[in-house]
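Please read the structure below before turning to the comments.
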Amino acid sequence: MRNTRAFAAVALVAASMLTACASNSNGSSSSETSYVAGDGSTILVAENKRGDVIKLAGKTLEGKNLDISEWKDDVVVINLWASWCGPCRSEAVTLEKVNKQLSQKGVHFLGLNTRDGLAAAKAFQDRFPTGYPSIQDNDGVLTLAFGNLGPAATPSTMILDRKGRVAARILGPVTEAQLRDVTLAVAEGS
């Protein structure tokens, strides 16, 4: 089963490479970028092209300190969300479902709440509960840690490899299969 998922993820990457041409922020050709493949919403980064380790820490919505460096050697899925974001509501169930499926495989999930007050963020979490923590990024400073591969829309999902580097980014709402397959490809490849 594991090999089938890895093969499916590799096939997805290969198909994307044949049908899509990644470009960097100034629109130049993919030969000048660090991206392996992109289909418009999903970007996978070659292991030898991944940037620096992401440093991300903050207070959870419950007021506890959280630093993802504590999850060293694990894959980390970070989802940027906001209470006012319709697609964030629709993908909350998907995120929690994949979180439960992958929690025993060395994968941690983290929500990164943006441009919300604490009361609005907590109300969202009460309505759409997840088994993973969220931290607030009211001023957008935490999202700067991701550099070029940071969230470009709400929602966005970044997947960090076991070394803490951005290995994949998904813009827009995720599907269960998409999130699971990309996360497993990162977990098995890093």
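The values are calculated or read from the model by the stated rules, or taken from the named source; none is laboratory data. Being a predicted model, the structure only gives us computed values, none of them experimental. Here Cβ is always computed from backbone atoms with ideal geometry, including for glycine, and neighbour counts include all displayed protein chains.
The selection criterion, being of a type in the set (A, V, I, L, M) and out of contact with any helix residue (DSSP H, G or I) (no Cβ under 6 Å at 6 or more places or on another chain), holds for Leu171.
Go through the residues of segment 149-165 one by one and say whether even a single one is touching a Lys or Arg at 6+ places or on another chain (Cβ under 6 Å) and modelled with pLDDT under 95. Yes, segment 149-165 has at least one match.
Among the residues of segment 92-120, count how many are of a type in the set (Gly, Ala, Ser) and in contact with a Ser or Thr (Cβ under 6 Å, 6 or more places away or on another chain). Going through segment 92-120 one residue at a time, the tally reaches 2. The requirement of being more than 20 Å from Ala177 (Cα to Cα), outside any strand (DSSP E or B) and under 16 Å from the mean Cα position of the chain (by Cα) is fulfilled nowhere in segment 103-122; no residue meets it.
The set of residues in segment 93-113 that are at pLDDT below 95 and either surrounded by 15 or more Cβ atoms within 10 Å (Cβ to Cβ) or not polar (S, T, N, Q) (or both) comprises Lys105, Gly106.
Apart from one condition, Ser90 fits all of (1) of a type outside the set (D, E, K, R); (2) at pLDDT 95 or above; (3) surrounded by fewer than 22 Cβ atoms within 10 Å (Cβ to Cβ); the exception is (2).
Taking the condition of a type outside the set (Lys, Arg), closer than 22 Å to Asn138 by Cα, touching a residue at least 60 places away in the same chain (Cβ under 8 Å) and surrounded by fewer than 20 Cβ atoms within 10 Å (Cβ to Cβ), does Thr60 pass?
Yes; evaluated as a whole, the condition is true for this residue.
Candidates in segment 133-159 are the residues that are crowded, with 20+ Cβ neighbours inside 10 Å and among the small types (Gly, Ala, Ser); of these, the one that is nearest to the chain's Cα centre (by Cα) is Ser156.
Would you confirm whether or not segment 78-86 contains a residue that is buried (at least 17 other Cβ atoms within 10 Å of the Cβ), modelled with pLDDT of 95 or more, more than 14 Å from the chain's Cα centre (by Cα) and hydroxyl-bearing (Ser, Thr, Tyr)? Within segment 78-86, one or more residues are buried (at least 17 other Cβ atoms within 10 Å of the Cβ), modelled with pLDDT of 95 or more, more than 14 Å from the chain's Cα centre (by Cα) and hydroxyl-bearing (Ser, Thr, Tyr). For segment 169-180, a tally of residues being hydrophobic (A, V, I, L, M, F, W, C) and surrounded by fewer than 24 Cβ atoms within 10 Å (Cβ to Cβ) returns 2.
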